[in-house]
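The values are calculated or read from the model by the stated rules, or taken from the named source; none is laboratory data. The structure displayed is predicted, hence computed values, not measured ones. Positions of Cβ are backbone-derived with ideal geometry, glycine not excepted, and every protein chain shown enters the neighbour counts. Quick note on the areas: whole protein, heavy atoms, side chains included, nothing else; ligands and nucleic acids left out. Shrake-Rupley method; radii C 1.70, N 1.55, O 1.52, S 1.80 Å.
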2 protein chains.
Amino acid sequence: MRKLEFWFEFASTYSYLSAMRVQDLADQEGVRLIWRPFLLGAIFKKDLGYADSPFNHHEKKRNYMWRDMVRLTQARGLPEFVKPAQFPQNGLQAARLAMALQGDDRLPIFVRAVFRAQFQYGEDISQEDMLFDILSQNGFDAPHLMNKAQSDKIKKALREQTEKADRLGIFGAPVFLTQNGDLFWGDDRLQMALQWQE
Amino acid sequence: MRKLEFWFEFASTYSYLSAMRVQDLADQEGVRLIWRPFLLGAIFKKDLGYADSPFNHHEKKRNYMWRDMVRLTQARGLPEFVKPAQFPQNGLQAARLAMALQGDDRLPIFVRAVFRAQFQYGEDISQEDMLFDILSQNGFDAPHLMNKAQSDKIKKALREQTEKADRLGIFGAPVFLTQNGDLFWGDDRLQMALQWQE
């Protein structure tokens, strides 16, 4: 069975688009999908010296991105896109929770719920009570996971995963990584990555 | 009949990908296509303060782009992609010639030949003798067009077209502009732009 890694950042609009469809498409293609949260902010800082998203350093591109998201969510039958009050949001706690859920096959349920909170309801995903509610409402053991997410082990695992993304040459999100190390960047490359024969 | 404007920059790898297929696809969709050369360098300078392509300020993204081009040209059955010795190339003379050919329905033949020279043969498209040869070999009146391209009228028309691109919010290439002013950026949005119903 082919494997594909889906590297995503919670603050990333195009990661949201992929998160909403990638598992179904991977299942259809018979590809085993591994979800890999990481922190793009650290990579932007290292690669570009930026303290936030490159979109915030390129006004025309940012304006275009919001318009693109409205059109793409419409075209895909997703609920109306809501531009969050702040961009990018701080996805650190959400990413730690996703690390705490590594190996749990219900991880995608949590990830999609966080993306929906942000881009369908405009909520602030850095809020711990909101993340707690998402976990509870989806049947996870919220108190246990919130504690686990604050452990040194999980904090370190997320740092290492982000460092690995950097070493792999990842510079944006989403990225699809094939077994032989070929990178496909962007929701636009999702299908090509899924069908890639090495 | 719907109309769509195809804004392209000769040095742009993804403009090459679109140039090789957009006219056939527009014809199939019954969309009238207008080819719009412009100079992206002026826009990068104004928007970002860069003297060359943003790819040259983001090493991992540039490396990815070269790999992406190899894969995409293969997937589309285009000849093997050749990375030009210099990137970005200076497309000023080619763009002036394309402006001199505005209104000539053989403009796409010239544009595609210049892109092929650059990305299939690795030639330097700033060389006037090479552009002269491309014109001659494709049945254009090369001496007349080379002269016309140096006229004040054509130089001014290209400057104005680039300024218009900036006013339209164009920040990269290729861009597809619909009749109501909706921008679609990138070869990845070509089909969406062609099918866009306003």
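Summary of values
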| quantity | calculated |
| --- | --- |
| Residues (at the interface with another protein chain (Cβ under 8 Å from one of its Cβ atoms) and either touching a Pro at 6+ places or on another chain (Cβ under 6 Å) or among the small types (G, A, S) (or both)) located in the range B:157-187 | B:G169, B:G172, B:G186 |
| Total residues in the range B:121-145, condition open to solvent by less than 30 Å² (accessible area, probe 1.4 Å) and either free of Cβ contacts under 8 Å to residues at least 12 places away in the same chain or farther than 26 Å from B:L17 by Cβ (or both) | 1 |
| Condition check for B:F10: modelled with pLDDT of 95 or more and assigned to a loop (DSSP other than H, G, I, E, B) | yes |
| Residue within the range A:155-177 that is part of a helix (DSSP H, G or I), more than 30 Å from B:F55 (Cβ to Cβ), open to solvent by less than 60 Å² (accessible area, probe 1.4 Å) and not charged (D, E, K, R) present | yes |
| Pick from the range B:28-46, criterion closer than 18 Å to B:S15 by Cα and assigned to a helix (DSSP H, G or I), ranking: modelled with the highest pLDDT | B:L40 |
| Filter result (within 11 Å of A:S15 (Cα to Cα), touching a strand residue (DSSP E or B) at 6+ places or on another chain (Cβ under 9 Å) and touching a residue at least 60 places away in the same chain (Cβ under 8 Å)) within the range A:169-198 | A:G172, A:A173, A:P174, A:V175, A:F176, A:G186, A:L190 |
| Helices (runs of 4 or more DSSP H) wholly inside the range A:52-120 that include at least 3 residues being within 14 Å of chain B (Cβ to nearest Cβ) and open to solvent by 50 Å² or more (accessible area, probe 1.4 Å) | A:59-75 |
| Test for A:F8: is it hydrophobic (A, V, I, L, M, F, W, C) and over 28 Å from B:A165 (Cβ atoms) | yes |
| Among the residues listed as B:R2, B:R21, the single one being surrounded by fewer than 20 Cβ atoms within 10 Å (Cβ to Cβ), at pLDDT 95 or above and either closer than 30 Å to A:G49 by Cα or away from chain A (no Cβ under 14 Å) (or both) | B:R21 |
| Residue identified as within 14 Å of chain A (Cβ to nearest Cβ), in contact with a helix residue (DSSP H, G or I) (Cβ under 7 Å, 6 or more places away or on another chain) and either β-branched (V, I, T) or in a helix (DSSP H, G or I) (or both) among B:L131, B:L194 | B:L194 |
